[in-house]
Structure formats: C-alpha cells, structure tokens
1. Using the Cα atoms of the chain, I'd like the radius of gyration and the largest Cα-Cα distance, Dmax, both in angstrom.
2. List the pairs from K31/K86; K39/K104; K16/K104; K16/K52 whose alpha-carbon separation is above 29 Å, in the order I gave them.
3. Suppose every Lys and Arg Cβ carries +1 and every Asp and Glu Cβ carries -1, with no other charges. What dipole size does the chain come out with about its Cα centre, to the nearest 20 debye?
4. R0 = 22 Å: FRET efficiency of D3 with F96, Cβ-based, nearest 0.05?
Amino acid sequence: MSDVLERLAQVLDARKGANPDTSYVASLHAKGLNKILEKVGEECTETLLAAKDAELSGDTRDVVYETADLWFHSMVMLSRLGLGPKDVIDELASRFDLSGLEEKASRKP
C-alpha cells in the first residue's frame, strides 16, 4: 500500500521544478505554501461534506474520491516542506501499542 504513496511522492518531487504552465503540482508550488494549504483546507471540507452525505445515503464513492484529493494535496504540502509519506507512516507506526489517550497525554502543551 505504501508503495503507491512512495511512487506518488517521487512524482510530486519531480514536478516541483516543472513548468507551472504545464504542471498542476508546479503551479501550486509556484503560488507558495499558502496556496497549497488553501487546497488542503478545501479538500478537507469537501471530504467532511462527502462523509456526512455518505452517512445519510450509504453511498461512499464521493468519500473515497474526496479523500484521495485530500491525501494528494496533503502530500504536496509534505513535499513542499521536505517531507514524505514515510515520515507520516513512521509516526503512525510509533503509536502502535500506545492508547490514543496515552499518546495525547504525552504531547507537549
């Protein structure tokens, strides 16, 4: 599963320096971090709305579609900051055998 994320991360890194007129990812980078964060926020809202609709309708196709957009734009954000999916996966792995309440309590204020 993480192979797909790693392949996507490689593509995103390669497109950082591409021509913004021909690459969506390059156009986001050219507009700066605030534009990338705006897209993450937009996709987050669309994912939330799709989940609300799915609970009522039982149709989850839009939730999957919007979550893919959210993950994509989150990965563009990570790439902008010199991070990738491995950083997130490593963090998730470090939380195994730790209850969510314990993890939350261990955070610095």
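Read-outs throughout are calculated quantities, based only on the coordinates presented, and are distinct from any laboratory measurement. Given the structure is predicted, the values throughout are model-derived calculations rather than measurements. Neighbour counts run over all protein chains shown; Cβ positions are idealised from the backbone, glycine included.
1. 16.2, 47
2. Table pairs above 29 Å Cα-Cα are K16/K104; K16/K52.
3. Values: 14 positive and 20 negative charges, 107 e Å.
With Lys and Arg at +1 and Asp and Glu at -1, about 520 debye.
4. Numbers: r = 20 Å, r/R0 = 0.93.
Efficiency, from the Cβ-Cβ distance: 0.60.
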